[in-house]
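Working notes for the structure below.
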């Protein structure tokens, strides 16, 4: 005996919602990684304006003016080929081989909140570049 | 129609109040979330995004789980424990599952009894414990939801503070999870204890949750 129509419809809807949720998380992680990579690559390429354009407003405000020059003085490594990106709500963490980058969502997409971060156990990361 | 409304007024009113308050919570939670966003130098988020956030889900689920735990415990413990003088309790000496005759099951089922009360085996066992079991399952499901939404909300705060996110298993050992859980449990247990004990000495005329106004304080299991 086949399942009633509403049961099959409910199963289909559940599957669609679950797949949409997975796709959404995957897309957001990918977008966060892209934003972090763009920032670190801009610094590595010496493209100060592009690097500063990838920063969150409060983070950019904390960098000595002019940002486009000061950001290049920070010892930020170029992004590694692979990275581990994790997204929770409005925040993301992207770990490259030699750097960890924190990001947040803004209306135009992910922006870098902190970079050049090294772990300190239970205490917050120590970051070369960070907002308030 | 009017008769149907009147006959189901209690369930309907509580269902409606629940929806109104849930909507109010959504708006208040959204405003609170955005205050924290702005304080952290970020942009406010829309109501739709907030309603699908882990923060909202955790706030809702942590209260649901404690309510269902309260009813689960109350339903099962009142089978075996009594409180002399309380209308919420059975009379002393009546502790336990009671006889089939008293419970109208098996050959003592009446014409209008649910069919599973007449049946034997698993069906009768399930019906006999269905209220407590469903409350228990809803408690477990809500608590699990709280833990899953809670770890995502907690990790969002961890990242805001430039700290390492934690796994779900690690979150179950975090003070945040147990603080959210226990603050709800204690309030529910206080509410039940208050109801059981205050209903010995206090009355509410016309309420089935109270003894009749003139009933003596030591009258147990008498509902008005």
inquiry  = Quick check: pseudo-label points 7 Å beyond the Cα along Cα→Cβ at residue B:14 and residue B:81, how many nm apart are they?
reply    = 2.1 nm
query = Helix B:9-39 versus the longest principal axis of chain B: what is the Cα-based angle in degrees, 0 to 90, to the nearest 10?
reply = 20 degrees
ask   = Fewest to most neighbouring Cβ within 10 Å: what's the order for B:173, B:220?
value = B:173, B:220
remark   = In degrees rounded to 10, the 0-90 angle between helix B:130-160 Cα long axis and the longest Cα principal axis of chain B is 10 degrees
inquiry  = For a protection proxy built on the mean count of beta-carbon atoms within 10 angstrom, sort B:30-39, A:103-112 highest first, please.
reply    = A:103-112, B:30-39
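Please say if the protein assembly as shown is rounded, prolate or oblate, where rounded means a/c under 1.5 for a ≥ b ≥ c the square roots of the C-alpha gyration tensor eigenvalues, and otherwise the choice is prolate for a/b larger than b/c and oblate otherwise? Walk me through the numbers on the way to the answer.
On the way: a/c = 3.00, a/b = 2.41, b/c = 1.25.
Prolate is the answer for the protein assembly as shown, as a/c is 1.5 or above and a/b outweighs b/c.
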remark   = For residue B:102 and residue A:108, extending 7 Å from Cα along the Cα-Cβ vector and measuring point to point gives, in nm, a value of 7.4 nm
note = Over the protein assembly as shown, the sum of -39500 (n - 2.57) across DSSP H runs of at least four, divided by residue number and rounded to 500 deg cm²/dmol, gives at 222 nm -19000 deg cm²/dmol
message = Viscosity 1.567 mPa s, temperature 4 °C: give me the Stokes-Einstein translational D for the range B:1-52 in µm²/s, with Rh taken as the Kirkwood radius over C-alpha pairs.
response = 98 µm²/s
message = Could you tell me how far the Cα centroid of the range B:109-132 sits from the Cα centroid of the range B:1-51, in Å?
response = 37 Å
ask   = Efficiency by 1/(1 + (r/R0)^6): what FRET value for residue A:65 and residue A:126, r their Cβ-Cβ distance, R0 = 30 Å, to the nearest 0.05?
value = 0.80
note = By Cβ neighbour count within 10 Å, fewest first, B:205, A:91 rank B:205, A:91
remark   = Ranked from fewest to most other Cβ atoms within 10 Å of their own Cβ, A:29, B:187 fall in the order B:187, A:29
ask   = Can you give the angle from 0 to 90° between the axis of helix B:54-80 and the longest principal axis of chain B, with both taken from C-alpha atoms, to the nearest 10?
value = 20 degrees
message = Classify chain B from the C-alpha gyration tensor, please: rounded if a/c falls under 1.5, else prolate or oblate depending on whether a/b exceeds b/c.
response = prolate
message = Between the range B:142-192 and the range A:32-81, how far is it from one alpha carbon centroid to the other, in angstrom?
response = 35 Å
task = With r as the distance between the Cβ atoms of residue B:94 and residue B:204 and R0 = 25 Å, compute the FRET efficiency 1/(1 + (r/R0)^6) and round to 0.05.
result = 0.55
query = Taking R0 as 30 Å, what's the FRET efficiency between residue B:222 and residue B:125 from their Cβ-Cβ distance, rounded to 0.05?
reply = 0.50
inquiry  = Given points 7 Å out from each Cα along the Cα-Cβ axis, report the residue B:5 to residue B:113 separation in nanometres with one decimal.
reply    = 3.8 nm
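Each reported figure results from applying straightforward, stated rules to the coordinates on display, with no laboratory input. Just so you know, these numbers come straight off a predicted model, no measurement behind them. Using ideal geometry, Cβ is built from the backbone for each residue, glycine included, and neighbour counts are taken over all protein chains shown.
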